[in-house]
Structures are given as structure tokens and as C-alpha cells.
Amino acid sequence: MTTSPPGSLLTAHDLRKTYGLTHALDDAEFSIHPGEVVAVMGPSGSGKSTLLHCLAGIVPPDSGSITYNGRELTTMSVAQRSALRRSEFGFVFQFGQLVPELTCVENVALPLRLNGTSRKEAEKAALSWMERLEVDELQIKLPGEVSGGQGQRVAVARALVTGPRLLFADEPTGALDSLNGQRVMELLTQAARSTNAAVVLVTHETRVAAYSDREIVVRDGKSSDMERAV
Ligand SMILES: Nc1ncnc2c1ncn2[C@@H]1O[C@H](COP(=O)(O)OP(=O)(O)OP(=O)(O)O)[C@@H](O)[C@H]1O
Ligand SMILES: [Mg+2]
């Protein structure tokens with residue numbers, strides 16, 4: 001029997017995940033509070049993406065527990081987890097997440113359209129998020145016509161348009177140069193903080209301390225708090 005720290009939004013205990021002989025997660029622990037921005041660092045292959053996929057209910061761990069707002073994810077059905085993801089979580093990945101045939105504003109509006117919101121209302125909400133991410137001038141462009149940094153900011157707007165409580169971002173600046181990467185990171189964390197969305201941010205960005213409340217390091221599938229230099 002496990003308990004969550006008081007006030008935590010999502011907590012994971014004793015997570016294990018094995019692929020063949022590889023222990024992708026080996027007794028990993030995680031916890032995040034509402035509105036908190038937690039950066040997840042660590043070497044390539046250490047288990048960061050596996051941790052994020054387990055926490056988000058995309059990949060089931062072999063064992064361990066994951067509690068979101070008092071609900072145990074590991075015993076939910078696939079349909080229940082997918083409903084939870086749609087209503088409570090937002091996602092930003094490294095590349096290729098925008099639909100190439102839709103304009104930027106249509107991409108941002110898409111999650112609302114899929115929930116049954118009218119086109120006019122969905123595009124109005126999309127545009128207000130695009131303004132916050134400073135990409136509103138790109139509304140009628142196709143994803144193929146915008147820069148990498150702009151595309152990532154459009155993807156962040158799309159992840160936040162439904163008002164998620166928790167945003168999962170896996171190396172959202174991994175394909176950008178450092179200047180564009182910092183700008184995306186700044187706008188992503190600012191936008192999330194403005195709605196009190198918590199953020200699990202897997203990143204290699206060296207200035208991550210400026211954007212996060214806390215950093216954890218994953219090594220060989222184990223997670224630990226990182227001491228922050230002050
Ligand atoms: N679907 C899979 N099938 C087989 N092995 C996998 C799978 N996903 C991850 N692994 C293995 O699990 C380990 C952890 O992978 P993971 O993708 O979580 O690392 P990471 O920390 O995100 O690395 P990177 O920084 O390169 O993205 C690696 O050894 C990887 O090869
Ligand atoms: Mg990864």
C-alpha cells in the first residue's frame with residue numbers, strides 16, 4: 001500500500017519497466033504538485049522518455065504505482081487512460097506533431113474541434129493561445145512554411161488549448177538551436193504557469209534551472225533529486 005505526498009497531483013512509486021534485458025526503469029520514483037515545473041535530465045538511454053510515457057499512461061509499467069489526483073493509473077482500462085489523457089494532459093514532443101495539411105490555427109484548434117467545439121469558438125481560443133506563444137501571425141501558414149522554433153511554439157499552443165492540468169514535454173527544444181530553444185522554453189513555462197498547469201519537462205537545455213522549480217536526474221532507470229547550485 002502506498003500513499004501520495006499531501007497535495008501532490010501525480011505520484012509514482014517503484015516503477016519498473018523492462019524491454020528484453022534492458023531495465024529501462026528500475027525502481028523509479030516521481031512526484032509533482034499542481035502548477036509545478038519539474039525538469040527531467042539524464043544521459044541518453046537512461047529512461048527519461050520511458051518514465052514520461054509511463055507517467056502519462058501511454059506505456060504501462062511492469063510494476064509499481066502511478067496515482068493521478070487520487071486515481072490509480074495502472075489499474076485503469078486502456079479506454080479510461082485514454083479519456084484521462086484527453087481531458088487532463090497535454091503533450092509536446094521533439095518533432096513532427098503538427099498535421100501538415102492543416103494551417104497552424106487549425107492545428108491548434110484541432111483538440112477542441114475533436115471535443116465537439118464549433119469551428120469559430122475553437123479558432124478563437126486557438127488564436128488567443130497563439131498570441132501568448134507569439135505565433136499568431138502564422139495562423140494561415142502550413143506547418144511546412146514555418147521555422148522549427150515557430151512550429152514548436154504552435155505545438156505548445158495546441159497542447160495547452162484544452163486547459164490541461166499537466167503538460168508532458170519530451171525534449172521540446174531538442175531539434176532547435178540554443179537561442180530558439182531558450183525562447184520556446186521561456187514561452188512554454190510562462191504559458192503553463194499562467195494557467196497553473198504542472199509541467200514534466202524532459203530536456204537537455206543547460207539553462208533549465210531558470211525555467212523549472214525542481215530538477216530530477218534519471219540514471220540507469222533510477223530517478224533522484226538533483227542538488228541545485230544557488
Ligand atoms: N520500445 C522499446 N523497445 C525496446 N527498448 C526500448 C524501448 N523504449 C526504450 N527502450 C530502451 O530503454 C532504455 C531507456 O530508453 P529511453 O527512451 O527511456 O531513454 P531516454 O533517457 O529517453 O534517452 P534519450 O535521451 O536518448 O531520448 C534504452 O536502453 C532504450 O534502448
Ligand atoms: Mg528520450
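Observations on the model:
- Of the peptides 30-39, 45-54, 116-125, 211-220, the order by per-residue mean of other Cβ atoms within 10 Å, starting with the highest, comes out as 45-54, 30-39, 211-220, 116-125.
- Ranked by the mean number of other Cβ atoms within 10 Å of their residues, highest first, the peptides 126-134, 160-168 come out as 160-168, 126-134.
- The relative contact order of the stretch 186-230 comes to 25 percent, based on Cα pairs under 8 Å that sit 6 or more residues apart.
- Rounded percent of accessible protein surface that carbon and sulfur make up, the chain, 1.4 Å probe: 52
- Under 5 Å between amide hydrogens, built in the peptide plane, is the criterion, and for Val199 it picks out Glu36, Val37, Val38, Leu167 among residues at least 5 positions away or on other chains.
- Packing rank of 197-207, 78-88, where each peptide gets the mean count of other beta carbons within 10 Å, highest leading: 197-207, 78-88
- Spin-label model distance (nm) - Ser87 vs Ile140, 7 Å beyond Cα toward Cβ: 3.8
The values are calculated or read from the model by the stated rules, or taken from the named source; none is laboratory data. This is a predicted model, so every value here is computed, not measured. Counting neighbours? That spans all protein chains shown, and the Cβs are built from the backbone with ideal geometry, glycine included. The area values use the complete protein model at the heavy-atom level, side chains included, leaving out ligands, DNA and RNA. Shrake-Rupley method; radii C 1.70, N 1.55, O 1.52, S 1.80 Å.
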